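S.K.: Input: one structure, supplied below.
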């Protein structure tokens with residue numbers, strides 16, 4: 001094995017880990033529009049810190065080039081940027097998910113909870129069902145009715161959740177790849193999606209409270225960058 005092969009592999013891994021946290025750089029690579037030298041200068045200090053010794057800028061550039069070659073491909077459709085540029089984003093904390101057995105009592109309790117929702121004040125309730133269970137995601141302050149009256153029906157309770165509500169234009173249903181594009185950003189940033197829901201005019205991402213700010217930042221940056229691309 002060449003003398004420096006282990007060191008090169010280590011630098012490559014460090015650079016890849018850093019770039020994985022930069023969603024927009026990923027797409028610049030795909031469009032072959034990235035400034036490798038500029039990126040290298042930006043991350044040089046962090047690379048050296050993680051490597052534990054000085055690293056030549058050319059070695060960092062080479063690692064960036066290897067990373068770019070892995071993910072280069074057909075540029076994203078301009079239609080995707082046009083759609084995302086029309087998004088608006090809202091974050092809501094203190095949500096709770098309650099999963100119940102799919103029985104009549106559960107339906108009745110969820111219906112009563114639904115009637116308590118103050119939509120004008122921003123409260124929310126989302127209801128999902130499968131063959132054997134029904135889940136309800138709602139504000140924690142509206143969960144007492146379910147928690148205190150359905151002990152025998154409760155299958156699971158998950159607290160400390162947040163939802164990110166993305167208002168979408170109706171024409172999004174005609175453009176393939178938008179949701180894949182967004183989820184790719186979140187996945188590469190290490191965000192765990194508890195769930196996501198799509199409707200005609202909304203995408204709702206469910207995450208842990210601890211991931212809420214990071215998720216909001218990624219989605220907000222995506223929207224702002226898409227608007228810039230559209231205006232150029």
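The values are calculated or read from the model by the stated rules, or taken from the named source; none is laboratory data. This structure is a prediction, so every number in the text was calculated from the model and none was measured. Please note: Cβ atoms are built from the backbone with ideal geometry, for glycine as well, and neighbour counts cover all protein chains shown.
S.K.: Within region 120-167, which residues are closer than 19 Å to residue 201 by Cα and out of contact with any strand residue (DSSP E or B) (no Cβ under 9 Å at 6 or more places or on another chain)?
M.R.: Once the filter is applied, which keeps residues that are closer than 19 Å to residue 201 by Cα and out of contact with any strand residue (DSSP E or B) (no Cβ under 9 Å at 6 or more places or on another chain), region 120-167 yields only 120.
S.K.: Now for a separate question. Go through region 121-232 and tell me which strands (runs of 3 or more DSSP E), entirely inside it, have 3 or more residues that are buried (at least 17 other Cβ atoms within 10 Å of the Cβ).
M.R.: Once the strands (runs of 3 or more DSSP E) in region 121-232 are filtered for at least 3 residues that are buried (at least 17 other Cβ atoms within 10 Å of the Cβ), what remains is 133-139, 154-167, 202-208.
S.K.: Follow-up question, since we're still on this one. So which of 175, 197, 207, 157 is under 26 Å from residue 110 (Cα atoms) and in contact with a helix residue (DSSP H, G or I) (Cβ under 7 Å, 6 or more places away or on another chain)?
M.R.: Within the list 175, 197, 207, 157, the selection yields 207.
S.K.: Would you be able to say whether some residue in region 98-120 is more than 30 Å from residue 30 (Cβ to Cβ), under 21 Å from the mean Cα position of the chain (by Cα) and not assigned by TED's automatic domain parsing to the domain that holds residue 14?
M.R.: No, that holds for no residue.
S.K.: On to the next question. Suppose we filter region 91-106 for residues that are surrounded by 14 or more Cβ atoms within 10 Å (Cβ to Cβ) and out of contact with any helix residue (DSSP H, G or I) (no Cβ under 6 Å at 6 or more places or on another chain); how many remain?
M.R.: 8
S.K.: Could you please find all residues in region 113-131 being touching a residue at least 12 places away in the same chain (Cβ under 8 Å) and farther than 18 Å from residue 146 by Cα?
M.R.: 122, 130, 131
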